[in-house]
Structures are given as structure tokens and as C-alpha cells.
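Here's the structure we're looking at; comments come further down.
The values are calculated or read from the model by the stated rules, or taken from the named source; none is laboratory data. Fair warning: this is a prediction, and the values are worked out from it, not measured in the lab. Cβ placement follows ideal geometry from the backbone for every residue including glycine, while neighbour counts extend to all protein chains displayed.
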Amino acid sequence: MPPTSERPAGPGDPVANEAMDRYADGDASAFPILYDAIAPRVEGLVRRRTRDASRIDDIVQQTFERIHRARGTFIRGSDVLSWAFKIARNLCLDLGAQGWRERPADGKDREAEADPIAQAVAEVADAERIATARETLARLVRAFRALPERQQLALELVRIEGFPMAAAAENLGVTLPSLKMSVFRGAEALRNAVLEDANPRSARERAAQPTTVEKEHLRGIT
Amino acid sequence: MESLERRNSVLASIAEIPAPTRRELMRRQAWLVVSGVLGALTLFWVEGGLRATGRPPSLVAWTSLGTSCFVGVGMWFLFTRTRSGHRRGWLVLGLATIVPVVAFVLWRYGLGHLYELASPWPTRPGYRCFALSVATGGILLGALLLAWRRVDPMSPTATGAAFGAGAGLGSALLIDLWCPVSYLPHLLVGHVLPIALLAAAGAAIGRRILRTFRS
């Protein structure tokens, strides 16, 4: 089994953070542990920003090289995944790997296959449900691509990667209310886009009534 | 590339790239920063050091005390990072520079006015203060940039700007002890402009030398 197939680290993962701490202190044996813990998450982030396989590998490799170079500056006890994400995202920007617009038209199926949601759906033996789920996923992906960059980044960190709001805001260099607003607006836009395609009338009705989670976000903002 | 293949490639690659550990980096930074501070202080003392030049000692003490507080707060925000290890955002860095500078000018001008020493002083437009500020701040900035060279993988431009602004604030503290003039245009040219200049220089140079490069 390849080492990267183990369960990847999430934000605040103690194994990854401890490995980075040891590595920053000069313990070379900690680097493979760190790599195995965060590489799948870094790759996932980069994959969402570009489709060019050679670029993905290059960016992931460069991210780890930069982590290595800057290991002495890692603050003890801070979150290495947040650090790695910011480096990877900057690299994507530096290398012009903003892939949403660069994706080939035939990349839709490969994208769905690579997505964990699509993989989970594929395990269901009901062909009709698979087809419906694929359609929904495709609508979701289209809507996500149409979101402003700021909302994409906010949703990516909070909803996909599971970062706490405060950590995500710090990572993106925005204020907490601003991030909450981006997440709320992004999620609302996604929900409306998906429902609009499926049932235009119900989407309009639903859009008028925020969910409990969204009410919570709004309460946090106001 | 398969994940195992990439893993081996990354491991092989980093084995060839030199990277300082925490202790090595701290030693390098401490040595360079102390040298920079001593260099700036030496230049300050060579140029005359603390000069009252007709100012009452109480005015010197009050202005220096206030300036130290403003500069200290600004430097703390400029030089430290967040708990996640990220450099603070541009908005915070901007506020951490502008607020202490405005406070310093108001404090200095206000106290000068109180002691009736803020009257126009046409023969002192502020060029000497400007030169000394840039020189002392430049030494500090150079030391900071060298100390952190090639170890900022995320925001080298912001780090460079923060270092420049911090060095400028530090030099403003020294020049405050040296310069008796509280005339507003003089303060702007001789004491504030160097901070902006050093921040811009820090951003431009930091972008080039603080970032980590691929070998």
C-alpha cells in the first residue's frame, strides 16, 4: 500500500504538527511522516485548482520543498496544514495554475471520478440514482466554478477541508465576518444554482428562507 | 506520477536542498539583528547621539517616552506573526505603520506646541533627519532582510514591507532623540517620509530575497 493512501490529516492534526515540529528542530526522520500526513490534502487542494497532472505533481513537490526550506521559521504548535495550504495556493497563483478555466471540456467525467463524492456514489448499485447524482454533481461543479474566487477559497477551506472559521480567515488573510459572508454567499449561490436547474420554482421559494446553519452564520456576522 | 514515485522524488529532492533548522536560523537571525542594531546605534552616536539642543529635558523625556510606546506597538504587529505562522494581512500591517506614525507626529507636534517649540524653522527643512533616518533604518532593514533571506515561503513582499516599516519606526525613535525640530513640514519630510521609503524598499527587496527558491 502506498504510504499516501492512509487517512490524511485534517486541520490541527497532532501527528502532522508534531512531525513538523520535530522536523523544524532538525529531525530528518520526521519528514516522511509529515509528508504522508498532509500530502493527500495538499494534492487535493492543488487538484481543485488545476487539471494538468504534470503541474499537480510539480506544485505538490515545490510545496514540500518550500516547507523544507522554511522549516526553521515554523512556529511551534501552529498548524502545518494551514501553512502548507497557503504555500500551495500561492504556488498555484505564481505558476498561473488557476485551472478552472483551463480545464478541457472532456475533463468533466475524470473530475467526477476523482471526486470522493462521485466515488461514494459509484458504489451504489442503482444506475438511476448514479445518473441523478452525477447530474447534480456536474451542476454543483459548474456553479462552484462560476463563484467569485474569494467565495471559492472560503468554501474550499471551510466546507471541503474542514478548517475552523477563524483559522480559515487567518489563512486567507481576511476578517472573520468577511469570511463568514463569503461562505454564506457561496453556499447560497451553490444551493440556488443546483435547485434552480432541478426545479426553478422551489429554488426561488427556498432561497427566501435561510437554513439553520446560514442563520447561524448571519448571526455571527451581525 | 504515482504517489509513491512522487513521495520518493520529494524525499530525494529535499535531501539535496540545504535548509536551516530552528536553532541554526535563530542563531543566524540573532547575530544579524544584533549587528544591525549595533550598526544603527553606532551611526547614530557618530552623528551626535542624544542632543537636547535647547529642548528642556522634560520635553525630550516625554517625546521619547511617547514615541517609544507608539513604535513598540507598531513593531510588535509588524514583526510578529499570527499563531498559525502567517504574516499579518496588508490591512493590519498598514494600520500598524500608519497609526503609530500619526500618533508620533501628533504627539511630537502637540508637545512642541505646548513648549512653544513648534514654530516654523525654515533653515531646517528636514533633509538631514531624512538622510540619517534612511541610513540608520537602512542598516536595520538590511540586517533583517539578510537574517530572513530565503525562508519566507508565503508572503515575502509583505514581510519585506513589514521589516521596512519596522526599521523606519526604529530609526524614527533614534532621530527623535537627535532632532529638536517639531515644525510639522520638517516632521513629515525628515521623520515620516523615510518610514514610507523604507517600507517600499523593504517590499521591493524582500520580494526578491526573502522568498524560497527552487534549487
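Candidates B:LEU59, B:LEU65, B:LEU43: the one that is exposed (fewer than 13 other Cβ atoms within 10 Å of the Cβ), of a type in the set (A, V, I, L, M) and more than 30 Å from A:ASP79 (Cα to Cα) is B:LEU65. Per this entry, B:THR67 is not counted among residues that are within 14 Å of another protein chain (Cβ to nearest Cβ) and in contact with an Asp or Glu (Cβ under 9 Å, 6 or more places away or on another chain). Go through region A:67-97 and give me each residue that's β-branched (Val, Ile, Thr) and within 16 Å of A:LEU153 (Cα to Cα). Answer for region A:67-97, where residues must be β-branched (Val, Ile, Thr) and within 16 Å of A:LEU153 (Cα to Cα): just A:ILE87.
From the set of residues in region A:54-79 that are more than 7 Å from chain B (Cβ to nearest Cβ) and either touching a strand residue (DSSP E or B) at 6+ places or on another chain (Cβ under 7 Å) or among the polar types (S, T, N, Q) (or both), which is surrounded by the most Cβ atoms within 10 Å (Cβ to Cβ)? Checked region A:54-79; the qualifying residue surrounded by the most Cβ atoms within 10 Å (Cβ to Cβ) is A:THR63.
This table checks each residue for (1) away from every other protein chain (no Cβ under 14 Å); (2) in contact with a His (Cβ under 9 Å, 6 or more places away or on another chain).
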site	(1), (2)
B:LEU4	no, no
B:SER9	no, no
B:SER13	no, yes
B:PRO18	no, no
B:ARG22	no, no
B:VAL34	yes, no
B:GLY74	yes, no
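In region A:55-75 there is no residue that is small (Gly, Ala, Ser) and at pLDDT below 90. Counting only residues that are under 10 Å from A:ALA24 (Cα atoms), outside any loop (DSSP other than H, G, I, E, B) and among the β-branched types (Val, Ile, Thr), region A:63-80 holds 2 of them. If only residues of region B:167-199 that are under 11 Å from the mean Cα position of the chain (by Cα) and among the small types (Gly, Ala, Ser) are counted, the one that is surrounded by the fewest Cβ atoms within 10 Å (Cβ to Cβ) is B:ALA196. Of everything in region B:118-149 that's buried (at least 19 other Cβ atoms within 10 Å of the Cβ) and over 24 Å from B:GLY160 (Cα atoms), which residue is modelled with the highest pLDDT? Residue satisfying both the conditions and the ranking: B:GLY126. Evaluated against (1) surrounded by 22 or more Cβ atoms within 10 Å (Cβ to Cβ); (2) free of Cβ contacts under 8 Å to residues at least 60 places away in the same chain; (3) polar (S, T, N, Q), B:THR157 falls short on exactly one condition, (1). Residues that are among the β-branched types (Val, Ile, Thr), within 19 Å of the chain's Cα centre (by Cα) and under 17 Å from B:ARG149 (Cα atoms) number at least 1 in the following helices (runs of 4 or more DSSP H) confined to region B:1-96: B:22-46. Quick one: would you say B:ALA96 is in contact with a Leu (Cβ under 7 Å, 6 or more places away or on another chain) and buried (at least 16 other Cβ atoms within 10 Å of the Cβ)? Considered against the rule, which asks whether it is in contact with a Leu (Cβ under 7 Å, 6 or more places away or on another chain) and buried (at least 16 other Cβ atoms within 10 Å of the Cβ), B:ALA96 comes out as yes. Against the list (1) surrounded by 12 or more Cβ atoms within 10 Å (Cβ to Cβ); (2) within 30 Å of A:LEU179 (Cβ to Cβ), the condition B:LEU111 fails is (2).
Would you check if A:SER82 is at the interface with chain B (Cβ under 9 Å from one of its Cβ atoms) and either surrounded by 23 or more Cβ atoms within 10 Å (Cβ to Cβ) or more than 23 Å from A:ARG145 (Cβ to Cβ) (or both)? Answer is yes for this residue.
Close contacts from region B:79-90, counting a first residue that is within 7 Å of chain A (Cβ to nearest Cβ) and farther than 16 Å from A:LEU176 by Cα and a second that is part of a loop (DSSP other than H, G, I, E, B) and among the aliphatic types (A, V, I, L, M), with Cβ to Cβ under 8 Å and a gap of 6+ residues or different chains, come to B:ARG81/A:ILE75; B:GLY85/A:ILE75. For region B:1-21, what are the residues that are buried (at least 16 other Cβ atoms within 10 Å of the Cβ), closer than 17 Å to A:ILE38 by Cα and not hydrophobic (A, V, I, L, M, F, W, C)? Within region B:1-21, B:SER3, B:ARG6, B:ARG7 qualify.
The selection criterion, being away from chain A (no Cβ under 14 Å) and of a type in the set (Val, Ile, Thr), holds for B:THR136.
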